[in-house]
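The values are calculated or read from the model by the stated rules, or taken from the named source; none is laboratory data. Please read these numbers as outputs of a predicted model, since none were measured by experiment. Backbone-built Cβ (ideal geometry, glycine too); neighbour counts: all protein chains shown. Surface areas here come from the heavy atoms of the whole protein model, side chains and all, with no ligands, DNA or RNA. Shrake-Rupley method; radii C 1.70, N 1.55, O 1.52, S 1.80 Å.
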Amino acid sequence: MTTPEISSSAIEKIHVNLADRSYMIHVGAGLIGNAGHSIAPILKQPKTIIVTDKNVAEHWLSPLQSSLADHDIFSETIIMEPGEQTKCFAQLEILVSKLLNFKIERDTIIIALGGGVIGDLTGMAAAITLRGIDFIQIPTTLLAQVDSSVGGKTGINTSHGKNLAGAFHQPKLVLADTNSLQTLPLRELKAGYAELVKYGLIGDADFFEWLEENGASVLAGHAENQQYAILKSCQAKADIVANDEFERGQRALLNFGHTFGHAFEAETGYCDKLLHGEAVAIGSVMALEASERLGLCPKGRADRLRDHFTATDINYKLKNIAQNDWKASVLLDHMRLDKKVTNSTMVFILAHDIGDAFVTSDIKESDILAILNDSLEEIGGF
Ligand SMILES: NC(=O)c1ccc[n+]([C@@H]2O[C@H](COP(=O)([O-])OP(=O)(O)OC[C@H]3O[C@@H](n4cnc5c(N)ncnc54)[C@H](O)[C@@H]3O)[C@@H](O)[C@H]2O)c1
Ligand SMILES: [Zn+2]
């Protein structure tokens, strides 16, 4: 087992305001090693079940178990296989059975220790087991810390597509430990970074500017800057979720870059060849490019984002991931199947400027097709 360097810092907290479903997000270094302290006050019985995956267990299970034991909390553990394929009906059934084998009760709180896959699967198991039990998120990827662990969307993939079965089920607590990022592969860290940039793009130009200055240090493991970036992202997400918990309006802004991105993920088959965040980085540049071309946003904004991704060594070129046989019309078909389509109209998140995104369905498919075609041919600087 590898033991990462354990540092600790002042923990910062954010309140997610959702009436009786409100909860706290703690962000800082050392939270896993001290989890028993944060978790003990919200447990209804001194017993919990940890759900994690093999990769995460290798580094972070033992510090979590020890901290729980130090606070006289008894814990059982369920270790799942890592990877997106774990988010499926078969694994959900296995997980629910294991929870029931442990004689889980309505008052037992389960802990999701891992990335978005473990968080989404465990959250869904919590939503349906005994008609709903509480759960805690301990996100260990940057993507999970800034996005999936907050907001209560849980779910699994189906043969019809990604995340098509799920439930809204808010966690009782989120502990985002920046130490856990030390063991995360750089490729995963960069994929999460694209989601972090998204918060600057959709609603906070100052944060985007801060990332232009400090983004490289966030990726290089600067703990205080990681903490700041995660806090800003979680606060942005918490504000959006508090106003639109069930995605009837503004929560869709969080899908900036995602309609394009999902098309690339669908075409690659949702596999390791293209991580979600890698697709979002390319999709975000395309969303700004589309906004510029349609005269909705001043020129130069897409270039500014390209420059930032170049500075942080993040790919934004569709051409670099596309196969020779990719066709714009097929990508457009994937976009039509995206679940953000309502009344048969495609919904896009575009921007009036960096930090000023908006939701629209008033876009012609021919414009999107032209942008996809140009990107595949790498015309116009893509
Ligand atoms: N619920 C939501 O609102 C929401 C939002 C965005 C994404 N998601 C979902 O999140 C999932 C992607 O999450 P992800 O990017 O965290 O992927 P992931 O959970 O698959 O984790 C990525 C990889 O890193 C490993 N890992 C995780 N933490 C580690 C650590 N600290 N050290 C070493 N290895 C570690 C995992 O085992 C895995 O191999 C997708 O299924 C996506 O649909 C959900
Ligand atoms: Zn995303």
Do we find that Thr77 is over 20 Å from the mean Cα position of the chain (by Cα), under 20 Å from Pro46 (Cα atoms), buried (at least 22 other Cβ atoms within 10 Å of the Cβ) and at pLDDT 95 or above in this structure? no
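Here's the yes/no breakdown for (1) within 16 Å of ligand 2 (Cβ to nearest atom); (2) under 30 Å from Thr183 (Cβ atoms); (3) open to solvent by 20 Å² or more (accessible area, probe 1.4 Å):
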| residue | (1), (2), (3) |
| --- | --- |
| Asn225 | no, yes, yes |
| Gln235 | no, yes, yes |
| His262 | yes, yes, yes |
| Gly283 | yes, yes, no |
Checking the condition touching a helix residue (DSSP H, G or I) at 6+ places or on another chain (Cβ under 6 Å) and either closer than 18 Å to Ala311 by Cα or crowded, with 20+ Cβ neighbours inside 10 Å (or both), which residue from Ala229, Ala220 passes? Ala229
Answer yes or no as to whether Leu219 is out of contact with any strand residue (DSSP E or B) (no Cβ under 7 Å at 6 or more places or on another chain), at pLDDT 95 or above and within 11 Å of ligand 1 (Cβ to nearest atom). no
Is the range 4-16 home to any residue that is surrounded by 13 or more Cβ atoms within 10 Å (Cβ to Cβ), modelled with pLDDT of 95 or more and over 18 Å from Asn179 (Cα atoms)? yes
For the condition crowded, with 23+ Cβ neighbours inside 10 Å and small (Gly, Ala, Ser), what is the one hit in Ala126, Ala69, Ala90? Ala126
Check whether at least one residue in the range 88-107 is within 15 Å of ligand 2 (Cβ to nearest atom) and in contact (Cβ under 8 Å) with a residue 24 or more places away in the chain, and report yes or no. no
Report yes if Pro171 is touching a strand residue (DSSP E or B) at 6+ places or on another chain (Cβ under 6 Å), of a type outside the set (Gly, Ala, Ser), under 19 Å from Val117 (Cβ atoms) and at pLDDT 95 or above, otherwise no. yes
Just give me the residues in the range 241-260 being closer than 16 Å to Ile202 by Cα, away from ligand 1 (no atom under 15 Å from the Cβ) and either among the charged types (D, E, K, R) or surrounded by 21 or more Cβ atoms within 10 Å (Cβ to Cβ) (or both), in sequence order. Phe260
Odd one out for Thr129, checked against (1) more than 9 Å from ligand 1 (Cβ to nearest atom); (2) among the hydroxyl-bearing types (Ser, Thr, Tyr); (3) within 18 Å of the chain's Cα centre (by Cα): (3)
Matching entry among Asp303, Asp325 (being part of a helix (DSSP H, G or I) and farther than 24 Å from Lys87 by Cβ): Asp303
Among the residues of the range 303-311, is there at least one that is modelled with pLDDT of 95 or more and more than 28 Å from Ala144 (Cβ to Cβ)? yes
Do we have any residue at all in the range 131-141 that's at pLDDT below 95, more than 20 Å from Val27 (Cα to Cα), touching a strand residue (DSSP E or B) at 6+ places or on another chain (Cβ under 8 Å) and surrounded by fewer than 24 Cβ atoms within 10 Å (Cβ to Cβ)? no
